[in-house]
1. Please report how far the C-alpha centroid of the range 76-110 lies from that of the range 1-28, rounded to the nearest whole angstrom.
2. Assuming R0 = 25 Å, what is the FRET efficiency of Tyr72 and Arg47, from their Cβ-Cβ distance, to the nearest 0.05?
3. Which of Val77, Leu100, Val123 sits farthest toward the positive end of the charge dipole of the range 52-125, with +1 on the Cβ of Lys and Arg and -1 on the Cβ of Asp and Glu?
4. If each DSSP helix of 4+ residues adds -39,500 (n - 2.57) and the sum is divided by the residues in the chain, what number results at 222 nm, nearest 500 deg cm²/dmol?
5. Given +1 on the Cβ of Lys and Arg, -1 on the Cβ of Asp and Glu, and no further charges, what dipole in debye does the range 50-125 carry about its Cα centre, rounded to the nearest 20?
6. Can you give the accessible area per residue of the chain, in Å², using a 1.4 Å probe?
7. Shape of the range 1-65 from its Cα gyration tensor (a ≥ b ≥ c, root eigenvalues): rounded if a/c is under 1.5, otherwise prolate when a/b > b/c, or oblate?
8. For labels at Ala39 and Val90 in the simple 7 Å Cα→Cβ model, what's the distance in nm?
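The values are calculated or read from the model by the stated rules, or taken from the named source; none is laboratory data. All values derive from a computational prediction rather than experimental measurement. As a convention, Cβ positions derive from the backbone with ideal geometry for all residues, glycine included, and neighbour counts pool all protein chains shown. What goes into the accessible areas is simple: the full protein's heavy atoms, side chains included, and nothing from ligands, DNA or RNA. Shrake-Rupley method; radii C 1.70, N 1.55, O 1.52, S 1.80 Å.
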Amino acid sequence: MAPVPSEPVPILVGGHGNAALRRAARSADGWLHGGGDPADLPGLLARLAEFRRQEGTTGRPFEVHVISMDAYSVDGVRRLEDQGVTDAIVGFRWPYQVGLDTEPLAEKIAKLRRFADTVIAKVRG
């Protein structure tokens with residue numbers, strides 16, 4: 001990479017299968033959730049935690065990035081934190097939408113500001 005990062009770049013492993021979860025627990029700096037049925041997330045996180053225990057990696061820093069509707073509310077973010085989530089992936093456009101994005105920039109900025117005011121500020125505050 002140029003310029004060379006001043007700190008190591010974290011390597012995240014994604015995947016929901018046991019092999020991917022174990023690989024993340026053993027060798028990676030974190031795990032990247034790929035979405036899916038919201039009811040599956042607690043089980044995935046529990047399996048990941050168990051693999052980290054088995055691999056002896058619970059004492060090192062580890063990021064957990066998830067896609068979850070819980071990320072859109074303060075209580076939801078706190079629920080994710082309680083489950084060991086370090087980063088929530090949020091978006092304001094349906095990711096599978098085909099075609100041009102015609103939403104005006106002002107509307108995008110308004111959505112981001114609203115999210116910053118109603119969630120981020122209250123989680124960090």
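1. 22 Å
2. Rounded to the nearest 0.05, the efficiency is 0.50.
3. Result: Val123.
4. -11500 deg cm²/dmol
5. On the way: 12 positive and 12 negative charges, 41 e Å.
With only Lys, Arg, Asp and Glu charged at Cβ, the dipole is about 200 debye.
6. Spelled out: the 1.4 Å probe surface of the chain, per residue, equals 68 Å².
7. Oblate.
8. Once both label points are built, they end up 2.7 nm from each other.
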